[in-house]
Amino acid sequence: MDVAHCYLDGNADAVEFCPHDSYQHVLAASTYTLQEGDCPSRSGSISLFNVNANMGRLDLFHRVDTTGIFDIKWSPVGGSNVGSLLAQADADGFLRTYSLEDSSDGAEGSFLKEINGVKISSSMCLCLDWNPSATSITVGLSDGSVSIVSVLESQIEIQQQWKGHDFELWATSFDIHQPQLVYSGSDDCKFSCWDLRDSPSKLAFQNIKAHKMGVCCIVKSPNDPNTVLTGCYDEHLRVWDVRSISKPVNETSICLGGGVWRIKPHPILLDIVLAACMHNGFAVVKIEGDNTEVIETYSKHDSLAYGADWQKCESNQEGKNKSFVVATCSFYDRLLRIWMPQSDITT
């Protein structure tokens, strides 16, 4: 069910609901726009919206103009850093962090205050992920490098950086159950895992055969310490068993009909994920053992499906069963949509 939509000021590539209790109504959306010409430049922005699905509201209340952004992520709940932090990976090679601050106007008057920024590389920062304690961020770079950055007391400092891949690194993430491990994936079709206890980091495994094209996203299941999900340009979502960390097993896969750019596990339901499928819209997928199936598709975007996220709280509509709210965005048409899946995903 469609709730609301709007158009952003640039090409839309990421949407992230804030997971922290006081701000679960806050949605951040980022943009990346290449200005071509004799002196090409990359511009971007982060827009904050107040989302109230019950009222059908999507209200912009703050925007930060910046360079072109490839990825944004809110700090995890329960991290050691105080407050709600948003990290940005951008085309100028910077990692920036912002704090979500309250103004005297209350929640809708909240704003992002830049806390710190550091130039990671002369290459572009393409992706990022927080560790569970919100003390470190892993960053993937366009030259194939992985960077591990400490985020302590508002200070950002590069801890490690190494060449992990041959081409652009579009995916990097911490193992939330074993945060000494970091996964990475690249246009070189390699899916890798690194052990941070060694410096430089030691390669725990590298699979070079399963993905037939570049690896776009890697997500550890928040509920199952043995499961990792990968998305690929070859249109497949793959489910991995990593109990044997040196040799993970590709348990099952499903073709989603478009390059799988993002995978977002459901915040409550253990076996449901949301996928952004580039040329084939968005899909709600149920993963239950060896049985993986698409239970709903959403195709009301006319451009590359890039950004997707679940709101971290439920929408309680009077006289209806509890619903879950989704935000999605598409690139060239600059479209941001809020909607609710219609399938019964609670069973």
Karplus-derived HN-Hα couplings along the stretch 199-212 (A = 6.51, B = -1.76, C = 1.60, θ = phi - 60°), whole Hz, x at Gly and Pro | 9, x, 4, 8, 6, 7, 7, 8, 9, 10, 10, 5, 7, 7
Accessible surface of residue 332 in the full protein assembly, 1.4 angstrom probe, to the nearest 10 Å²?
-> 150
For the stretch 211-277, the Rg and Dmax computed from alpha carbons only, in angstrom | 11.4, 32
Residue by residue through the stretch 38-54, the couplings from Karplus 6.51 cos²θ - 1.76 cosθ + 1.60 with θ = phi - 60°, in Hz, x for Gly and Pro, are 5, 10, x, 9, 10, 10, x, 7, 10, 10, 10, 10, 8, 10, 10, 5, 4
Where only protein heavy atoms count, and the probe is 1.4 Å, what is the accessible area per residue for the chain in Å²?
-> 41
Please list 278-288, 54-64 highest first by mean number of surrounding beta-carbon atoms within 10 Å per residue.
-> 278-288, 54-64
Compute the Cα gyration tensor for the stretch 202-347, then decide on rounded, prolate or oblate, letting a ≥ b ≥ c be the square roots of its eigenvalues: rounded whenever a/c is under 1.5, prolate when a/b is larger than b/c in the other cases, and oblate in all that remain.
-> oblate
Just the number, please: carbon plus sulfur as a percent of the accessible area of the chain, 1.4 Å probe, no ligands or DNA/RNA counted.
-> 45
Spin-label model distance (nm) - residue 166 vs residue 41, 7 Å beyond Cα toward Cβ = 3.7
Taking K and R as +1 and D and E as -1, what net charge do the other residues with C-beta under 14 Å from the C-beta of residue 225 add up to?
-> -1
Take the Cα of residue 195, step 7 Å along the line toward its Cβ, and report every residue of the stretch 126-169 whose backbone nitrogen sits under 15 Å from that point.
-> none
Under a Cβ-Cβ cut-off of 11 Å, what is the net charge of the residues other than residue 203 that fall near it, where Lys and Arg count +1 and Asp and Glu count -1?
-> 0
How are the Cα pair distances of the stretch 5-77 distributed, in percent, across 10 Å bins from 0?
-> 20, 46, 25, 7, 2
Sum of side-chain charges, residue 293 neighbourhood, beta-carbon under 12 Å (Lys, Arg +1; Asp, Glu -1) = -3
May I ask which of 212/264; 73/190; 220/286; 190/247; 119/202; 73/264 have a Cα-Cα span longer than 18 Å here?
-> 212/264; 73/190; 119/202
Mind running the shape call on the stretch 25-151? Use the C-alpha gyration tensor, a ≥ b ≥ c as the square roots of the eigenvalues: rounded below 1.5 for a/c, prolate if a/b tops b/c, oblate otherwise.
-> oblate
Go through 94, 17 and list them by solvent-accessible area, largest first, probe radius 1.4 Å.
-> 94, 17
What is the pair-distance distribution P(r) of the stretch 131-218, computed from all Cα-Cα distances in 5 Å bins starting at 0, with each bin given as a whole percent?
-> 3, 16, 27, 25, 18, 7, 3, 1, 0
Alpha carbons only, please: Rg and Dmax for the stretch 57-124, in angstrom.
-> 13.3, 40
In Å, the Kirkwood estimate of hydrodynamic radius for the stretch 97-161 over Cα pairs equals 13.1
To the nearest 10 Å², what's residue 113's accessible area with a 1.4 Å probe?
-> 110
Largest first, what is the accessible-area ranking of 253, 186 with a 1.4 Å probe?
-> 253, 186
Averaging sequence separations of C-alpha pairs under 8 Å and six or more residues apart, then dividing by the length of the chain, give the relative contact order as a whole percent.
-> 13
At what distance in angstrom do the alpha carbon centres of the stretch 68-141 and the stretch 170-247 lie from each other?
-> 22
Ranking by accessible area, most exposed first, for 224, 166 with a 1.4 Å probe | 166, 224
Quick note, the chain: a/c under 1.5 would make it rounded; otherwise a/b > b/c is prolate and the rest oblate (a ≥ b ≥ c, C-alpha gyration tensor); here it is rounded
State, to one decimal in nm, how far the label point of residue 255 lies from the label point of residue 118, with both points 7 Å from Cα in the Cβ direction.
-> 4.5
Max mean-square fluctuation residue, GNM over the chain, Cα-Cα springs under 10 Å, options 335, 229, 152 = 152
Label zone at residue 2 (point 7 Å along Cα-to-Cβ), backbone N below 18 Å, the stretch 256-291 | 281-283
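The values are calculated or read from the model by the stated rules, or taken from the named source; none is laboratory data. Since this is a predicted model, take the numbers as computed values, not measurements. Quick reminder, even Gly has a Cβ in these numbers, built from the backbone with ideal geometry, and neighbours come from all protein chains shown. These accessible areas exclude ligands, DNA and RNA; they are computed on the full protein's heavy atoms, side chains included. Shrake-Rupley method; radii C 1.70, N 1.55, O 1.52, S 1.80 Å.
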